[in-house]
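Structure record follows, encoded as structure tokens.
The values are calculated or read from the model by the stated rules, or taken from the named source; none is laboratory data. Model, not experiment: these values are computed from the prediction. Methodologically, a virtual Cβ is constructed for each residue, glycine included, from the backbone with ideal geometry; neighbour enumeration extends over all protein chains shown.
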């Protein structure tokens, strides 16, 4: 190199692609200056867009060059916890999911019925005291899938899975339901219901009432047995209340009522405001009054009403508490109040068969026998396999008796005995009815069986009971026929 040769300036630093894009847009802007009003905005927009795209490309290069080695690196083993992970909590006792029922008919028109039935069953089970029911939205994520019930139980944290199907044949529809234990996948109970598809909404209501009540009874019995196995030495208040309800759901007998009472009182000693125990003990006391199993009717009624007060204070629309209150009022010449409470119960839960059975008694004390018969027929329709079925037969028989329909009354009272209930109520009615139709030997045999019971059976006591129930003149006149039949059967006056 000669001494006179100029030293060239160092080359400019390389331009980034972003800068290049901006200069490119600028040059084109100058060239098109003559068309500025139209072209310049488009040029600027184009340059900005190109600049943005080049910027995204630069960002991509950085991510690729700097983060690729991290992404490609082998995954490290997770750090071991310093303490053992706790086991997941046990599912709530009465916890359910109602999976979407399957439409086996191949008829898309049945889908709305299938979905409505699934929804209604979910709602009905949620009314069960102490229940935990998975919402419709979560349950419907399993629609159309073949699922492992054990996996469903783990994913949703429930003990019981309800599933079923609907099959149409002509104008008839058969609904089948199963109750399964989520932990094992084992089927515990199954039932079916046939109905007329021409009134689908009514069929949804009927199927829901029948299946919902049966599912609730089965789950309570299963949980009661589980408590006896797993918590026999240290049951909590909820465990004890479950065992009380399991005893209640067996037919009415002194030993079942005593067992239920003991469990409910023990539960309340641990948790005095437990709704299921308060309702349960009030129900037991009312049952004793209704079945003539107590010599302290007034005292039992006062205690039962006291138990219901905190329940209805916290939840004025508690359907079961309203029904029991109705029953107690019906025994103490408060038929109008009783009817109003039962109607309120049915507004809260139209499918509660026990409420229909109770309100009929209030109508009977008003001598409104047709309305009484309607409600007891509704109880049969809603829950034809109910644990209270012997009571349903007994009180329908009493309604038939006061209507003068003696053959039908006898059939219902005899059915009560065949099922197994041995309460004094239906036996007194049947002995009197036998005597009035001339079946004297059978009347006297029943009167002999009633003799010597711990709760005395005589005409004077039954008259006092009836007069306390109602001051309605027509009701009292119809009761005189009952007292005459009792005398003819050989039941003593006092």
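Some notes on this structure:
- One residue alone among 255, 303, 337 is surrounded by fewer than 22 Cβ atoms within 10 Å (Cβ to Cβ) and closer than 23 Å to residue 353 by Cβ, and that residue is 337.
- Residues that are in contact (Cβ under 8 Å) with a residue 24 or more places away in the chain and over 23 Å from residue 492 (Cβ atoms), drawn from the range 416-435: 416, 419, 420, 421
- Only listed residue being within 43 Å of the chain's Cα centre (by Cα) and at pLDDT below 90, chosen from 430, 425: 425
- Subset of the range 224-254 [outside any loop (DSSP other than H, G, I, E, B) and closer than 20 Å to residue 301 by Cα]: 244, 245, 248, 254
- Enumerated helices (runs of 4 or more DSSP H) restricted to the range 99-193, each holding at least 1 residues that are modelled with pLDDT under 90 and surrounded by fewer than 20 Cβ atoms within 10 Å (Cβ to Cβ): 111-126, 136-139
- Restricting attention to the range 365-394, the residues being within 29 Å of residue 221 (Cα to Cα) and more than 26 Å from the chain's Cα centre (by Cα) number 1.
- Within the range 376-390, at least one residue is surrounded by 17 or more Cβ atoms within 10 Å (Cβ to Cβ) and modelled with pLDDT of 95 or more.
- Of all residues in the range 318-360 being over 18 Å from the mean Cα position of the chain (by Cα), touching a residue at least 60 places away in the same chain (Cβ under 8 Å) and part of a helix (DSSP H, G or I), the one that is farthest from residue 217 (Cα to Cα): 335
- Of all residues in the range 356-373, those satisfying the criterion of being over 22 Å from residue 463 (Cβ atoms), surrounded by fewer than 24 Cβ atoms within 10 Å (Cβ to Cβ) and in contact with a helix residue (DSSP H, G or I) (Cβ under 8 Å, 6 or more places away or on another chain) are 371, 373.
Rundown of residues vs (1) touching a helix residue (DSSP H, G or I) at 6+ places or on another chain (Cβ under 9 Å); (2) in the same structural domain as residue 108 (by TED's automatic domain parsing); (3) at pLDDT below 90; (4) closer than 26 Å to residue 119 by Cα, yes/no style:
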site	(1), (2), (3), (4)
207	yes, yes, yes, yes
231	yes, no, yes, no
240	yes, no, no, no
253	no, no, yes, no
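- Residues within the range 151-176 that are free of Cβ contacts under 8 Å to residues at least 60 places away in the same chain and in contact with a strand residue (DSSP E or B) (Cβ under 9 Å, 6 or more places away or on another chain), tallied: 6
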